[in-house]
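Structure first, commentary second.
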Amino acid sequence: MKKRIIGILLTAALSISMLAGCGASGTTGGESEALADGVLTVGTNAEFPPFEYVGDDGEPDGFDIALINAVGEKLGVKVEVENMEFDSLVSSIGSKTDVAIAGMTVTDERKQSVDFSEPYFDAVQHVLVPADSTIASYEDLEGKTIGCQLGTTGDFIIEEIEGASDQQYNKAVDAVNDLINGRLDAVIVDSNPAEVFTANYPDKIRDLDGETFGFETEQYAIAMPKGDKVLAEAINKAINELKADGTFDALVKKYL
Ligand code: GLN
């Protein structure tokens with residue numbers, strides 16, 4: 001019995017040290033594995049206006065896309081954007097993609113799989129309701145049918161609401177359409193997309209600030225492979241330079 005326990009402990013220690021070794025290999029000799037080929041492959045989900053959406057030319061556009069292109073320019077690498085489902089972005093880092101930018105909130109759970117750059121934007125979840133709804137407080141959401149985009153912080157909030165039925169969609173806009181069709185009592189989505197969606201249906205939807213509901217401020221950041229310190233430093237430096245030289249503010253003005 002004792003021998004078995006020691007064996008298990010040894011195996012655990014070995015796999016932890018192997019994991020640690022694996023993390024460090026992302027930064028061999030001061031080089032970033034992600035940048036080594038001169039291409040930064042970026043995952044996004046172009047369903048989150050104004051941060052990312054499909055532009056008139058069929059390609060992803062928006063604040064985040066412009067920001068990561070500017071970062072790529074500072075880093076001297078080509079940026080290639082891959083449009084995918086939001087829920088796959090974190091798990092694709094290190095295999096299909098190098099980083100992800102998608103209005104992604106820094107959360108402790110995500111931090112277990114990826115590192116985050118310095119935050120670049122503050123947001124809060126909003127509650128969209130039909131124009132004639134009486135929903136006005138957190139308690140009013142209890143027992144309601146509430147829509148969200150799968151795997152988002154809005155989704156995690158609904159999971160915690162007493163008796164609520166969590167309706168997950170691949171695109172937030174599909175949840176908004178079901179709100180308009182009377183299939184949902186509310187939709188929980190980030191502040192800026194909430195504003196965009198409401199502007200499309202001003203007579204049908206009301207956009208309620210999540211602060212009234214006690215939702216906490218969230219911070220958006222670029223998700224990066226765990227342990228690639230060279231990449232993290234380069235990206236953070238680029239973000240700070242873009243803030244200092246006015247590029248960041250110009251993008252805010254253009255897109256947000
Ligand atoms: N900020 C939210 C999150 O990180 C939603 C992001 C999104 O839908 N693109 O979960």
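The values are calculated or read from the model by the stated rules, or taken from the named source; none is laboratory data. The shown structure was predicted, so the numbers you read here are calculated from the model rather than taken from an experiment. Counting neighbours? That spans all protein chains shown, and the Cβs are built from the backbone with ideal geometry, glycine included. When the accessible area is computed, the model is the full protein with side chains, heavy atoms only, and any ligands, DNA or RNA have been set aside. Shrake-Rupley method; radii C 1.70, N 1.55, O 1.52, S 1.80 Å.
Observations on the structure shown:
- Normalised per residue, the accessible area of the chain is 51 Å², obtained with a 1.4 Å probe and no contribution from ligands, DNA or RNA.
- Near the amide H of GLN149, within less than 5 Å, lie the amide hydrogens of ASP155, TYR169, all on another chain or at least 5 residues away, with H placed in the peptide plane.
- Axial C-alpha extent at least 30 Å, average Kyte-Doolittle at least 0.5 - helices from the chain (DSSP): 2-24
- DSSP bridge orientation in the chain - percent antiparallel, rounded to nearest 5: 55 percent
- A helix-only calculation puts the chain at -11000 deg cm²/dmol for mean residue ellipticity at 222 nm, using -39500 (n - 2.57) for each DSSP H run of at least four residues, averaged over all residues.
- At 1.002 mPa s and 20 °C, Stokes diffusion of the chain via Kirkwood alpha-carbon radius, µm² per second: 108 µm²/s
- Accessible area (Å², 1.4 Å probe, nearest 10) - MET84: 30 Å²
- Relative contact order, whole percent, for the chain stands at 26, derived from Cα pairs under 8 Å and 6 or more residues apart.
- With the alpha-carbon atoms of the range 33-88 aligned to their principal axes, the span from lowest to highest coordinate is 30, 22, 16 Å, starting with the largest.
- Surface composition of the chain: carbon and sulfur make up 50 percent of the accessible area, probe 1.4 Å.
- TYR138 sits with roughly 60 Å² accessible to a 1.4 Å probe, with DNA, RNA and ligands left out of the calculation.
- FRET efficiency for the pair GLU211 and ASP249, taken as 1/(1 + (r/R0)^6) with r the Cβ-Cβ distance and R0 = 22 Å, rounds to 0.35.
- Base-10 log of normalised Debye intensity for the range 189-256 (one unit scatterer per alpha-carbon) at q = 0.15, 0.17 Å⁻¹: -0.76, -0.87
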